[in-house]
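Below is one structure, written out as structure tokens; the observations come after it.
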Amino acid sequence: MRHHWLVAAAILVPFVLQGGSAAAPAHHAPAPAAFAHQAPPAAVPVRGAPASFADLSARLLPMVVNIATTETLKPVAATPGLPNIPPGSPLADLFKNFLGTGRAVPRHVTSLGSGFIIDPTGYIVTNNHVIADADQISVTLNDGTTLPAKLIGRDEKTDLALLKVNSRRPLPSAKFGDSDHARIGDWVIAIGNPFGLGSTVTAGIVSARNRDIEAGPYDDFIQTDAPINRGNSGGPLFDMDGNVVGVNSAIYSPSGGSVGIAFSIPSNLVRAVTWQLRQFGQARRGWIGVRIQQVTDDLAEGLGLPGTSGALIADVSPGGPAARGGIQNGDFITGFDGKSVSDSRALSRAVADTPINKSVGVELFRKGRKLNVRVTVLRLTEKPSAPPPHAPPAPPPKVSMLGLSLGPLDGAGRNQFRISNAVQGVLVVDVAPDSPAAEKNIRPGDVIVQVQGANVRTPQDVTNRIAADRKAGKKVELLLVNRGGDVAYVAVKLN
């Protein structure tokens, strides 16, 4: 199934006008004696739907702005010159209209989005994709005033950007709320610039929390059914107290319009990133030097873990903070800096949000034992991604239990798949269709580093270990696989 994820920003486009009885109460059996004296659940305070959003909207509208950007595209290739036509001929205008003047002319593209003021001095938050590649940025206030804007900083990983305008008077500014307290079912309103129509208010509820739409490594979106369309990107999502709880960024839509599924960046993340953009012009994130992955039921069985709530350490950078703190491959992290870790995304966000050079406690499981270690968080630096592998060579004899064809990791194999000399293990050169290995997405060019926690160096090492585990009655074979420098555990069922 293809998902129609769309950013909510848009280039201005034309639009077209589009011309029971109540159920009977159920009868329940008396409660068992064991539950007869239990206290009823505590009542949850209920906040009713407002009679109108008018007063709240009137207060918040001046805080929201429309953003217009202009991008100059490189000149396209010059069109052929006009043919040799006699002066004054009516054909001259015809050829000019269809063939142009023969000169390469730069083109200008304008797009529209939304934003909101977070400081009376003129700091404005929007989405990175609203202002990406813009040569000029202008901001239109709610009263119609248009001001040029300067880009202070941008962060592609969270799709956030910070702008600055100069105003002769203090501007009405919005306050951030605590997005962690936004509950499913809470009323929210969105204000933005859909389809370039200008300030527009829509209302809905928080539909879900902690959504991962694979937009970036720190996805933690708030889902809402408040109607959000193209052009709403960068606009705020307000709670009923008038505090910003999210920045509207993406929609799910087969048609391009609102279908009641929209996603907002939570305000706690926005607050942290925009503060760093204001201070440093870029986001500074924590790093501990590990590669992590989510734990499936098969992996939990293969590693003997107590459950799947946590983050599995697939690789530890030599000399990094985690290595110095004693963290090892196969460790299962359940707590970081006093907070529980529910999954790999939660650990990524927790590490990224940690102040640089802070020493934190880490709770983990290792071979059935619960341990506590301390790690000093350093700053994350980017590095280029690994190049894609070449086509696979001819396969050697197959390991029939998993559907793998393996070969030695020699010079030819390293050159064929561009594998670093630092990587050690056994090369996967072919995978049988519909095999257990294929089901787990193992590919030619992958390198098997370990089998069931034991290092392997030859295809025979892999064969012997799998045969022994199969004979011992194991149902899952745990492989540590290196793909393009990324290491992950893979649990493959033994048939």
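The values are calculated or read from the model by the stated rules, or taken from the named source; none is laboratory data. What you see is a predicted model; the values in this text were computed from it and never measured. Heads up, the Cβs are rebuilt from the backbone with ideal geometry, glycines too, and the neighbour counts pull from every protein chain shown.
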Would you mind stating whether Arg230 is part of a loop (DSSP other than H, G, I, E, B) and closer than 30 Å to Asn482 by Cα?
no
For the structure I just gave you, tell me whether Ala203 is among the small types (Gly, Ala, Ser), at negative phi and within 20 Å of the chain's Cα centre (by Cα).
no
Residue that is farthest from Ala322 (Cα to Cα), among those in the range 259-291 that are of a type in the set (S, T, N, Q) and surrounded by fewer than 21 Cβ atoms within 10 Å (Cβ to Cβ):
Gln279
Failed criterion for Asn357 (all others in (1) surrounded by fewer than 17 Cβ atoms within 10 Å (Cβ to Cβ); (2) in the same structural domain as Leu160 (by TED's automatic domain parsing) hold):
(2)
Taking the condition of being surrounded by fewer than 20 Cβ atoms within 10 Å (Cβ to Cβ) and either assigned by TED's automatic domain parsing to the domain that holds Leu303 or more than 12 Å from Val490 (Cβ to Cβ) (or both), how many residues in the range 414-443 meet it?
14
Answer yes or no as to whether Val105 is at pLDDT 85 or above, assigned by TED's automatic domain parsing to the domain that holds Gly235 and either in a loop (DSSP other than H, G, I, E, B) or surrounded by 15 or more Cβ atoms within 10 Å (Cβ to Cβ) (or both).
no
Residue, modelled with the lowest pLDDT, within the range 235-267, restricted to residues that are of a type in the set (Gly, Ala, Ser) and under 16 Å from the mean Cα position of the chain (by Cα)
Ala250
